[in-house]
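Every number here is computed from the coordinates shown, using simple stated rules; none is lab data. Here the structure is a predicted model, which is why all the values come from computation and not from measurement. Every residue, glycine as well, gets a Cβ built from its backbone with ideal geometry; the counts of neighbours run over all protein chains shown.
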Amino acid sequence: MSSGFGELLANLLSYSVLICSILIVVVSVILLITKRKTMGKGTKILLITLGAIAVVVIVFFVFIVIMAGSNHPAALPVPIPIG
């Protein structure tokens, strides 16, 4: 169990976490819209909290994608002349 923080972070930055976050947001919104009259206050708070956490995860993924951008350099490398 000494895998370290890097492996934990790599596991958290995976497609499965992103897909689960999207599903949690969609299901939470659908339940909050369709069952708003019959749902208890505690359940509403739980769904809103889970949805908010999932939205934060999705925004983080989008932020990482935008910040990473393209891995290509702006210009081709130029060799240094000898002599």
Lone unmet requirement of (1) exposed (fewer than 10 other Cβ atoms within 10 Å of the Cβ); (2) farther than 20 Å from Leu9 by Cβ; (3) of a type in the set (A, V, I, L, M) for Val29: (1)
Restricting attention to segment 32-41, does a residue exist that is touching a helix residue (DSSP H, G or I) at 6+ places or on another chain (Cβ under 7 Å) and part of a helix (DSSP H, G or I)? yes
Quick one: would you say Val56 is surrounded by 15 or more Cβ atoms within 10 Å (Cβ to Cβ), part of a helix (DSSP H, G or I) and not small (Gly, Ala, Ser)? no
Return a yes/no flag: does segment 57-70 have any residue that is within 20 Å of the chain's Cα centre (by Cα), farther than 20 Å from Leu9 by Cα and of a type in the set (A, V, I, L, M). no
Assess whether Val62 counts as being exposed (fewer than 15 other Cβ atoms within 10 Å of the Cβ) and part of a helix (DSSP H, G or I). yes
